[in-house]
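The values are calculated or read from the model by the stated rules, or taken from the named source; none is laboratory data. What you are looking at is a predicted structure, and each value in this text was computed from that prediction instead of being measured. So basically every Cβ, Gly included, is an ideal-geometry build from the backbone, and we count neighbours across all protein chains shown.
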């Protein structure tokens, strides 16, 4: 090193950082062993914060603006280094520039499926991915909790940890909201806002702010997707399973025709044709009217001789009414199918039971 280079680099008098990247979150101002002199110029641009660190301890934090470094605007550093009456000699301090701009289009996704209980499909495996935006909200906390002594820190160095926060909260959100898989497709925005609110405290512990979180896709295994498609087809046909089976048979015939040389394709085509013909024939047959139930079986009925005339036949319920009215007595002649001739009511067991249940005549009448 020449003498002029040594003299030029002896003291740092301009401290600034121009970011030419899109992913750098923290940059430590490189001094190459040089010291910062009194009244050096500090430039902090918009979307930046400058943090002075003295022997591993965070001292003063500067917001956007241009500063002349003096005792009055370095109160914490002055206290740490014992500048009671100002200073004129150079001093040593690490200067970290923290980028406070919004970092957008950061990716997140589930590396492994999330198991969830669904009302329609039972236990189902779900994958999801999307994007999020965040920024540094508390530079001092971010330096202490995340960056440490790294001279440069980018979004790639924390993206895996933030993705794990999101995926973990996503599983909890599925369990908490109990939202069916079919409803998730129409509520990406609502679920994204719910997740962002749930994750905000976790980001805050690291000095970060989660600005927004977007869910771009929620997917299920192929077999579940096939079940959803089948349900949609049946619903489009009015929920008629017969029409759906006919459509399936027709599709099988088309696929078989596409491979006429293969025995498997020919066999599938013939089987599908037979099924389609049978279903079509059944659909064209007139529908048989519903079979009426048989009549309720009736009990034994009797003819009754009233005033020398044949009446009836009557069921036992009617005979009971006749007993109550006095029309039917023990001497009254009755006859029923299967009897040889007319006999007194007192000789027929079924009628005797009715006579025994009747109240006796009122005395004196």
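Numbers at a glance
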quantity: Number of the condition not met by residue 323 [criteria: (1) more than 60 Å from the chain's Cα centre (by Cα); (2) modelled with pLDDT under 80]; calculated: (2)
quantity: Those residues of region 54-98 which are exposed (fewer than 12 other Cβ atoms within 10 Å of the Cβ), farther than 25 Å from residue 151 by Cβ and at pLDDT 80 or above, in sequence order; calculated: 68
quantity: Within region 148-167, tally of residues that are part of a helix (DSSP H, G or I) and either loosely packed, with under 13 Cβ neighbours inside 10 Å or out of contact with any helix residue (DSSP H, G or I) (no Cβ under 9 Å at 6 or more places or on another chain) (or both); calculated: 7
quantity: Output for region 168-203, where each listed residue is surrounded by fewer than 16 Cβ atoms within 10 Å (Cβ to Cβ) and in a loop (DSSP other than H, G, I, E, B); calculated: 178, 180, 185, 186, 187
quantity: Search result, residues across region 302-321 that are out of contact with any helix residue (DSSP H, G or I) (no Cβ under 9 Å at 6 or more places or on another chain) and outside any strand (DSSP E or B); calculated: 307, 308, 317, 318, 321
